[in-house]
Amino acid sequence: MTIQKTDLKNFSQPQLIEYVESLSQPSFRGKQIMGWLYRSGITEFSQMTDLAKIFRQLLEEKSCFSLFKDPLIERARDGCIKFGFHLEDNKIVESVLIPEPDRNTLCISSQVGCAMKCSFCLTGTMGFTRNLSPSEIVNQICGVRDFLLTLPDEERTGPKEISNVVFMGMGEPLNNLKNVLTSLSIMTEPKGLNLAGRRITVSTCGIAPRLRELGEKSSVNLAISLHAVDDEIRGRLMPVNSSYPVDQLLEACRSFPMPKRRRIMFEYILLKGINDSDKQAHQLAKKLRKIPCKINLLPYNESPALPYKSPDQNRILAFQEILRQAHYSVFIRNSRGSDISAACGQLAGKKDTVI
């Protein structure tokens, strides 16, 4: 009979302390273990040399710590790298590294597939399979970090470490909130991945009742996939709007517990002839009043499988100017990695490998 071992990477620091106490060990052992789990190159309990040998043997019997190995890798012409990580149930989850000279931003997934069915998103066509565990979320970061450490300097665009993490990959993070919160605790734990909360962004399509819990239990940035402020249009684009209409979502944003000087990021994909008119820009400016925010305009990443088109550059600039005249900080963000289906809304579990 095979004993099911406990994956220690599913535990936050407090949970890890509880676990070692259940093994009749002092609480500081949990802190020692956390200090080892997220170091590159640590693959066995025997390497945790400040733990007593008998305790290491006990951990080996009852527990494990998972790793992602041998990812599928695709490289885009613009330098982005898409990773496909194999899960234990033979599913694949995708992450995207976006390197720049001064930073590395990693876009990670929170679910296998997505249940939200946004009509402009290829990931939504996959349907929903399951939530990712905390270990499957943080191991995306560990796997890409280890890749960066082995990359020759001449092939590296940015630094050796991951600077920023965004939950903008596969899935809706707030529909997996418990596991996402545990993973955020691990990411920001000094003995864990040691990332600052201000360098982590969680993006949601608008699960309004869960926004407050995210804000109260983490210090990360919030991004809202808005894309329209007219309920009829947003409802056609995003079925979630029938459950949480625009006004309810924006009221939850107004009461979101946020550190001082932080702003909510509203993401607005521009779709030709659907949500890109001057009138809709004025409506957006009116609806976002009294919300500390910035706005990212995203020209649509076109796909042969979906019917939408991106507006031309003049229309995009006109939309931006209306919002600027209303005193908003507005940025036009051209997604990268589109030639390998790694841009926003394009992750769909592709299994081809190009190294």
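Just so it is clear, none of the values below were taken in a lab; they were calculated from the coordinates. Computed from a predicted model, the values in this text were never measured in an experiment. Cβ coordinates were reconstructed from backbone atoms using ideal geometry, including for glycine residues, and neighbour counts include every protein chain displayed.
Some points to look at:
- Restricting the calculation to Cα atoms, segment 2-79 yields a radius of gyration followed by a Dmax of 15.2, 54 Å.
- Descending principal axes extents, segment 55-196, alpha-carbon based, whole Å: 49, 40, 29
- Under 5 Å from the amide H of Ser63 lie the amide H atoms of Thr6, each residue being 5 or more positions distant or on a separate chain, with H modelled from the backbone and absent for Pro and chain starts.
- Dividing the convex hull volume of the alpha carbon atoms of segment 36-95 by its residue count gives 96 Å³ per residue.
- The mean sequence separation of alpha-carbon pairs under 8 Å and at least six residues apart, normalised by the residue count of segment 211-292, gives a relative contact order of 44 percent.
- Cα-based values for segment 136-233, radius of gyration first and Dmax second, are 15.5, 51 Å.
- Most to least packed among 210-222, 244-256 [average Cβ atoms within 10 Å]: 210-222, 244-256
- Rounded to 5, percent antiparallel among DSSP beta bridges of the chain: 40
- Helices meeting the span-like rule in the chain (full DSSP H runs, Cα extent of at least 15 Å along the helix axis, mean Kyte-Doolittle score of 0.0 or higher): 134-150, 177-188.
- Near the amide H of Leu270, within less than 5 Å, lie the amide hydrogens of Leu298, Tyr300, all on another chain or at least 5 residues away, with H placed in the peptide plane.
- Across the chain, the relative contact order, built from alpha-carbon pairs under 8 Å that are at least six residues apart, equals 17 percent.
- Largest first, the three principal axis extents of the alpha carbons in the chain are 70, 43, 40 Å in whole numbers.
- Just so you know, the Cα atoms of segment 246-343 work out to an Rg and Dmax of 14.5, 43 Å.
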